[in-house]
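First up is the structure itself, then whatever we jot down about it.
The values are calculated or read from the model by the stated rules, or taken from the named source; none is laboratory data. Owing to the predicted nature of the structure, the values given are computational and were not obtained by experimental measurement. Cβ placement follows ideal geometry from the backbone for every residue including glycine, while neighbour counts extend to all protein chains displayed.
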Amino acid sequence: MSPKKSTASKSKPSASSSDEILIPDKLYFRIGEVATLCRLPAYVLRFWETEFTQLKPVKSSTGQRMYRRRDVESVLRIKQLLYEKGFTISGARQQLRAEMKSDKTQPTIPFPTHTPAELQHIRQGLREILNVLNRRTG
């Protein structure tokens, strides 16, 4: 049990500081930058890529992992679930899936639909406006 206690005491300082992490306004971050920013070793990030489908950094032409802001936010969320909230990897995976599902269930903005007759009427009105404008300039 003592290893768990020492792990918990190690994660508490990072728990309060993870709330204060400001992600720089950049398009891409190298794995070392993400590791430093999130206070995690690079090998943990590489491991999490195999465990969490949300982490998909693109690779540069030289094979360097390039994380986007969304990826860095995912890393911070995974870290929070695992280290601060005590989730297992499997539990964190399920939690992230549930969060993504709830994001997708947000109501969509209704797109106006028109019948073909209404569209024909709108086109005719636009043509009439175009004819009026053409007569003025011509």
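Can you find even one residue in the range 50-57 that is modelled with pLDDT of 95 or more and touching a Ser or Thr at 6+ places or on another chain (Cβ under 6 Å)?
No, the range 50-57 contains no residue that is modelled with pLDDT of 95 or more and touching a Ser or Thr at 6+ places or on another chain (Cβ under 6 Å).
Which one is surrounded by the most Cβ atoms within 10 Å (Cβ to Cβ), of the residues in the range 51-75 that are farther than 16 Å from A35 by Cβ and among the polar types (S, T, N, Q)?
Q54
Residue check: is L45 within 19 Å of E99 (Cβ to Cβ) and crowded, with 19+ Cβ neighbours inside 10 Å?
no
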